[in-house]
1. Would you mind stating whether residue A:29 is at pLDDT 95 or above and either in the same structural domain as residue A:206 (by TED's automatic domain parsing) or among the charged types (D, E, K, R) (or both)?
2. What number of residues within region A:169-180 are in contact with a helix residue (DSSP H, G or I) (Cβ under 9 Å, 6 or more places away or on another chain), assigned to a strand (DSSP E or B) and within 14 Å of another protein chain (Cβ to nearest Cβ)?
3. Answer with yes or no whether residue B:85 is within 14 Å of chain A (Cβ to nearest Cβ) and among the small types (Gly, Ala, Ser).
4. Checking residue A:190 against (1) of a type in the set (A, V, I, L, M, F, W, C); (2) away from chain B (no Cβ under 14 Å); (3) within 19 Å of the chain's Cα centre (by Cα); (4) not in a strand (DSSP E or B), which single condition isn't satisfied?
5. Select from region B:58-83 the residues that are surrounded by 12 or more Cβ atoms within 10 Å (Cβ to Cβ) and in contact with a strand residue (DSSP E or B) (Cβ under 9 Å, 6 or more places away or on another chain) and write down the one among them that is modelled with the highest pLDDT.
6. Can you name the residue in region A:149-168 that is under 43 Å from the mean Cα position of the chain (by Cα) and in a loop (DSSP other than H, G, I, E, B) and, of all such residues, is surrounded by the fewest Cβ atoms within 10 Å (Cβ to Cβ)?
7. I need the full set of residues from region A:246-258 which are within 14 Å of chain B (Cβ to nearest Cβ) and surrounded by fewer than 17 Cβ atoms within 10 Å (Cβ to Cβ), in order please.
8. Name every residue in region B:45-64 that is facing chain A (nearest Cβ under 7 Å) and part of a loop (DSSP other than H, G, I, E, B), in order of residue number.
Amino acid sequence: MAQIDIKEATIKIFDGTLGATTVDCTNADSDLTFTSKSKHIGSDKISITYVDPATASAALSVAVDGREITVNLATSTASAITSTAAEVKTAIEASSPANALVTVTFAETVGAGIVEAKTVATLNGQLSIDIKVGEGNFTYSDKKPRIFTRDRGSLDTVKNDDDEPMDVSFDLIWEWITAETGGTPTVEDAFKKRGEAAAWLTTADDACQPYSIDLEIHNAPGCGTADDEILIFEEFYYEDISHDLSEGTASVTGRCNRVEPTTRRVAAADIP
Amino acid sequence: MKYKGKKVEGRNTEIIAIPRPDGNIVFIAEAVPNWEQFEKLAPVPSPPEKLLPGGRKEPNYQDKKYLEEISKYGQLRTDWLVLTSLRATKELEWETVDYSKPETWPNYREELKESNFTDIEINLIINGVANANSLNEDMIEAAKKDFLAGRE
């Protein structure tokens with residue numbers, strides 16, 4: 001794994017609100033609402049674009065690059081767009097990679113209206129805070145227990161043992177905290193769903209489980225053409241937290257209901 | 001209000017004629033009296049706040065999303081001014097612009113291009129809007145000189 005200079009990184013805390021956007025077209029009954037299927041999207045948000053191919057008799061198609069969904073609209077022999085919202089919905093649902101990312105619903109009635117070219121719309125709504133780190137350390141350990149079976153005293157077969165939750169801890173001095181929308185909760189608020197974070201939703205799939213958040217380390221090296229690296233520690237449950245708001249320090253340990261973080265490499269320009 | 005004994009009425013207008021073989025296209029740009037409607041539809045983006053150690057909060061003017069919004073806001077102001085000024089052209093209808101939806105305002109440029117207006121013609125229209133709204137410094141200077149010449 002690449003070494004991350006935590007001073008160049010931002011630690012983000014996300015709640016479990018599903019990102020969504022409505023692509024609002026001019027014609028009646030042509031608006032569609034796109035909602036993320038996953039609670040664990042983080043900074044590399046899903047986006048949707050409607051493209052006018054500007055050629056005659058083009059077919060409706062859907063292309064997916066990472067989390068960017070592009071809908072190439074169908075046209076008539078006179079190069080006019082002919083795709084209705086209902087057709088766009090069907091095309092997205094028929095595309096496995098697009099369908100894995102979003103749920104599409106009609107924002108008006110049955111989607112009979114013809115859509116138009118639309119610039120990038122991002123699925124926003126997930127609540128989050130960004131913690132700009134001054135000094136500190138972030139550690140995690142994923143475990144892979146194995147069972148070694150012997151045959152008459154000699155090592156023989158190996159089996160995987162039960163999964164173990166990943167341990168995560170960080171101890172840092174932060175310079176500032178920002179929130180994408182609404183008020184700015186403190187680190188402790190975000191972990192405890194209180195104060196400015198009272199409306200945050202859990203990232204756990206089972207609502208009966210204790211409240212959890214997603215932790216993300218966003219490493220933007222800012223050198224040359226290197227991509228940003230994103231590590232997401234999904235469904236994190238804190239077990240010990242100490243936070244000094246006046247000094248700007250936070251020390252947290254806990255575990256994730258996952259065996260390892262998810263990692264992504266994304267061009268910096270793709271992070272909205 | 002009266003000026004030289006005459007009631008001051010009407011707004012500054014500018015006529016922009018674009019020659020076409022099948023009939024000239026004449027745009028009328030009228031000065032926009034105020035920005036009230038614009039401000040209602042497209043409020044100035046406000047920066048998010050950042051929380052500093054000690055619990056102090058201050059605006060985060062360096063926020064990437066805020067900087068993008070401010071840049072878009074500047075363009076929207078121009079688009080709104082052009083569209084609102086050109087509403088004085090009674091014969092003009094935009095097909096993809098909805099005056100109540102700011103996200104549709106930039107579409108007028110595409111519509112002009114689709115209607116085969118050249119970049120130079122589009123600039124003429126925008127300059128006409130600027131002139132109607134007294135945004136042309138040369139014209140203001142000329143008016144000032146004209147006034148001063150009358151006093152001599």
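The values are calculated or read from the model by the stated rules, or taken from the named source; none is laboratory data. What you see is a predicted model; the values in this text were computed from it and never measured. Glycine also receives a Cβ, built like all others from the backbone with ideal geometry; neighbour counts cover every protein chain displayed.
1. yes
2. The first filter runs over region A:169-180 and keeps only residues in contact with a helix residue (DSSP H, G or I) (Cβ under 9 Å, 6 or more places away or on another chain), leaving A:170, A:172, A:174, A:177, A:179-180.
Narrowing further to those that are assigned to a strand (DSSP E or B): A:170, A:172, A:174, A:177, A:179.
From the residues that got through so far, the ones that are within 14 Å of another protein chain (Cβ to nearest Cβ) too are A:172, A:174, A:177, A:179.
Number satisfying all stated conditions: 4.
3. Values: within 14 Å of chain A (Cβ to nearest Cβ): no; among the small types (Gly, Ala, Ser): yes.
When the stated conditions are applied, residue B:85 does not pass them.
4. Residue A:190 satisfies all of (1) of a type in the set (A, V, I, L, M, F, W, C); (2) away from chain B (no Cβ under 14 Å); (3) within 19 Å of the chain's Cα centre (by Cα); (4) not in a strand (DSSP E or B) except (2).
5. Restricting to residues being surrounded by 12 or more Cβ atoms within 10 Å (Cβ to Cβ) and in contact with a strand residue (DSSP E or B) (Cβ under 9 Å, 6 or more places away or on another chain), the top hit is B:82.
6. Filtering first and then ranking leaves A:162.
7. A:246, A:247
8. Residues satisfying the conditions are B:48, B:52, B:53, B:54, B:55, B:60, B:63.
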